[in-house]
Each structure stands twice: as structure tokens, then as C-alpha cells.
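Every read-out reported here was derived from the displayed coordinates using simple, explicitly stated rules and does not represent laboratory data. Since the structure is predicted, the reported quantities are computational estimates derived from the model, not experimental observations. Because the Cβ atoms are built from the backbone with ideal geometry, glycine has one as well, and the counts that use them run over all protein chains shown.
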Amino acid sequence: MSPVLQTLADLVRINSINSSYEGGPGEKEAAAYLRRFFETRGIKVWEQEVFPGRNNVIACIPGRDSSRRIVFEAHTDTVSIKGMTIDPFDPVIRDGKLHGRGSVDDKAGLAAMMHALADINASGEPPPCEVWLAAVVDEEFSFRGVVKLCEDLKADAAVVAEPTEFKCVIASKGCLRWRIRTKGKAAHSAKPHLGINAITAMSRIVLMLNEDHERMRQVQHPLLGPGTCNVGVIKGGVQVNFVPDEAVIEVDRRLLPGEEVETVLAHYQSLLDELAQRHPDVIAEMEKPMLQDWPFQTDADTSLVHLSREVLREMNREDSVSGVPFGSDASKFSRLGIPTILFGPGSIDQAHAAIEYVECAEVEAALAFYTQIARRFV
């Protein structure tokens, strides 16, 4: 295998399942591997604690202009291995594809970024500006790694590795998740009129959310399409012969650029208030969000986007800008006003899958792309 594929294989062998998931040891071993990788090459590297034993790893190559900086970022954690039908930690190459958990999400992009810095450092020719590689923890659960990285961060551009099918992604949806709980009154099912059925009340809310979702289709983002709302979990009742006194749903709302969390939540609260006026038996409350992540959009006229498209054209690749529906660390950089793109080898369709893999040729090509961006961004 080539050096970048060997590094990718090494990373896949490391179990770095996010420790918020069952059986996950966290990213400690992956962080140690990255630190050794850079130290043996004489590249400045340090760690940034996010949680005890779970550190971001940051490597730096000085540039000719020390006042400017481009940040390459990838995450070291993976999702769980539940449901996988291949050995998750055996990086087998078959039909030009390297398999294993994390192979495409996100260790392929990480390995390519690592070797981009290593190759530039070995060349002895400093890049135009300072180049960082930040390998962060906790992207797959609550984004705390990138949030810590962004504390007091100064940068002129950021490239975030995610499987984008080798496309320059300048926009993605945000994500908001919260619970809605209905309260009822318990009673014997033989006399339901003595109770208030919380599940019946919740059914009205689910239908209301579905109707509102249909209205959302009228607002289309040119790269992302409409926002979406999905009820993914519903729970309620104790046993079949009780009138249920409580029910709860979990809602997943994907946000478009320009939408703010507070405004979106206020909209859904107003819908609940209107429903309660029409149906006094609907007693509902919205809980605080379980997760919130902003959408992001980078202006297509920024120098980073122009350079990315230029490099793609030189590589005889599609150079149009794109958007993706999934969330990532990119929004946190964008929130700071840092021009940011998502770019990486492979497809999100293989991420989190029973058989996860990445095309080896795409990893090699990603290395070339990242190297050119680092060498030419000014």
C-alpha cells in the first residue's frame, strides 16, 4: 500500500468509537497515533483537552506569512459497530476499496490531510501561510471537540474533511432535536371518559407537525432544497388497559442557512399554543433541545472556494459547488466568520453503514487536493 493508505489502514485498526456510545473507548489511542506520526516527522504537534482522556491533536507547519492561517480539520471518533456485517477493525482492500468502521467517515480524509502536511514539511518549502491540521474528538455525538478548538481560534480559511464525493461543498443544513411531551389523566380503560388520553393529544401534534412540514416544501434553498421535520421517536402509555397520562416524541428539524434556533423553536411553540386553543385536552410542553447545530453557507466568491474549484479543474474533476443535508464540524468555523468548505473522498452513503468502505483511488486524490490547497492558499 502507498503511505497514505497504510496510515488509513492503521487508523481503521484503532477502535475509536465515541465513548458516548455503548462500548466505545473514545479517541485516546487514535490521538496517540497522530501525535507519534507528527513527532517522528519533526512537525510541531500538541494536544488540547476536551474531556479527561479525550484530546484534540493539533499539528502546525509554519508559513511564509505568519499572520495568516488555514485550518484543515477532521474528526477521530466513529459511530458504533452495531449492525456491521464485516470485521469493523480489519482494513481489508477488495475491488479497490478499503473497508472498516471509520474508513470513509472520517479517517480517509484525516489520513490524506496528515500526509499533505507531512509531504509539505518534507519538501522543505514553507507554504504561503501557516497550516494547521486539527484532529478533533466527539464529532459523532455532540461536537464538543470542534467547539473547544474554536475557542479563541483565529483563521483565514478552513477545510473540513467529510465524505463529499470529491465535491466542493459550501452549504449544509443545521440540526435541531428536542422532545415534546403531552400530559393526560390516567383512568381505567373501561371508563376512558374519566381520563385524558395523552397519546390522543400527541397524535394531534404529530399530524400538525406533518402539515407544517408540507408547507416547508415551499421554501427551497438552491443547494439544499427545503428544510425538513421528522418525528423519529414516540413513546407513551403504561399498559393497554390504562388511559395513558403521558406521551413523548423526539423531533428532528433540519435548518436552512438563515434560520436561527430561537426563531424555529418559537414557531413550533406557537403551533402548540394554537392547537391547545382549538383542543383544550392537548396539554403539551417543549423541552430544551437535546442537540442544536447551525447550518452553514460560504460565499462562492471567497478565495478558498475559487482556489478549490481551480484545483478540481486541474485534476479534471467536477468543479461546481454543492450542498449537503448532513451536519458536520464546518458550521462552527463558519459561525466564527471563517470561510469554510467541506471536502473529502467517498460518499456519505457508506458512512455508518453495515459495510463501510472508501475507494482507495479517491483517498490518493484527496491527498493531492489537500496538498495543493495548503501550498497555494494565500
Notebook entry, point to check: From the list (i) 36, 21, 19; (ii) 44, 23, 18; (iii) 28, 27, 19, can you say which value of semi-axes √(5λ) of the Cα gyration tensor in Å was derived from the structure given?
Noted result: (ii)
Margin query: At 0.36 nm per residue, and after removing the present C-alpha to C-alpha distance, how many nm does the segment from Ser123 to Thr302 gain when stretched out fully?
Written below: 61.6 nm
Notebook entry, point to check: How many nm separate the modelled label positions at Thr40 and His213, each set 7 Å beyond the Cα in the direction of the Cβ?
Noted result: 5.0 nm
Notebook entry, point to check: Modelled label-to-label distance, Gln48 and Thr263, 7 Å Cα→beta-carbon offset: nm?
Noted result: 3.0 nm
Item checked: Theoretical FRET efficiency, 1/(1+(r/R0)^6), r = Cβ-Cβ of Asp95 and Val206, R0 45 Å, to 0.05 -> 0.55
Item checked: Computed magnitude of the charge dipole of the chain (debye, nearest 20; Cβ of K, R +1, Cβ of D, E -1) -> 460 debye
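In nm, what is the difference between 0.36 nm times the number of residues separating Ser142 and Leu336 and their Cα-Cα distance? If you can, show how the numbers build up before the last one.
Details: separation 194, 0.36 × 194 = 69.84 nm, distance 1.82 nm.
Here the answer is 68.0 nm.
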Check: Helix 198-216 sits at what angle to the longest principal axis of the chain, using alpha carbons and giving 0 to 90 degrees rounded to 10?
Finding: 50 degrees
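Under a point-charge model restricted to the Cβ atoms of Lys and Arg (+1) and Asp and Glu (-1), what is the dipole moment magnitude of segment 105-244 relative to its Cα centre, in debye to the nearest 20?
Working: 16 positive and 16 negative charges, 316 e Å.
Dipole size: approximately 1520 debye.
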Checklist line | Unit charges at the beta carbon, dipole of segment 99-253: most positive-side option, Ile180, Gly232, Gly195 | finding: Gly195
Next item on the list: Please find, in a Gaussian network model of the chain (springs between Cα atoms separated by less than 10 Å), the residue of Gly346, Gly225, Gly109 whose mean-square fluctuation is greatest.
Entry: Gly225
Check: What is the set of long-range amide H partners of Leu153 at a cut-off below 5 Å, with H atoms built 1.01 Å from backbone N?
Finding: none
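Starting from the Cα-Cα distance between Arg313 and Lys183, subtract it from 0.36 nm times their residue separation and give me the gain in nm to one decimal.
Details: separation 130, 0.36 × 130 = 46.80 nm, distance 5.83 nm.
Between Arg313 and Lys183, full extension yields an extra 41.0 nm.
Determine the relative contact order of the chain: mean sequence separation of Cα pairs under 8 Å and six or more apart, normalised by residue count, in whole percent. Please list the in-between numbers first.
Details: 865 pairs, mean separation 90.5, N = 378.
Reported relative contact order: 24 percent.
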Notebook entry, point to check: Farthest toward the dipole's positive end in segment 260-378, which of Gln269, Thr298, Tyr357, given Cβ charges of +1 (Lys, Arg) and -1 (Asp, Glu) about the Cα centre?
Noted result: Thr298
Next item on the list: Report, in whole Å, the centroid distance computed from the Cα atoms of segment 88-124 and segment 254-304.
Entry: 37 Å
Margin query: Can you compute the charge dipole magnitude of segment 174-228 about its Cα centre, using +1 on each Lys and Arg Cβ and -1 on each Asp and Glu Cβ, nothing else charged? Give it in debye, rounded to the nearest 20.
Written below: 340 debye
Next item on the list: State the Cα centre-to-centre distance between segment 14-79 and segment 310-378 in whole Å.
Entry: 19 Å
Notebook entry, point to check: Taking Cα atoms, how many degrees apart are the long axis of helix 360-376 and the longest axis of the chain, rounded to 10 and kept between 0 and 90?
Noted result: 70 degrees
Note to self: Using a Gaussian network model on the chain with a 10 Å cutoff between Cα atoms, which of Thr298, Thr200, Thr76 fluctuates the most?
What the structure shows: Thr200
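Can you check what the net charge comes to around Ala330, using other residues whose Cβ is under 9 Å from the Cβ of Ala330 (Lys, Arg +1; Asp, Glu -1)?
Values: positive: Lys332; negative: Glu73, Glu162, Asp329.
So the surrounding residues net to -2.
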Check: If each of Lys191 and Val233 carries a label point 7 Å out from its Cα toward its Cβ, how far apart are those two points in nm?
Finding: 3.6 nm
Check: Comparing Glu274, Glu162, Glu310, which has the greatest mean-square fluctuation in the GNM of the chain with Cα pairs linked when under 10 Å apart?
Finding: Glu274
Margin query: Based on C-alpha coordinates, I'd like the Rg and Dmax of segment 1-146, in Å.
Written below: 15.4, 49
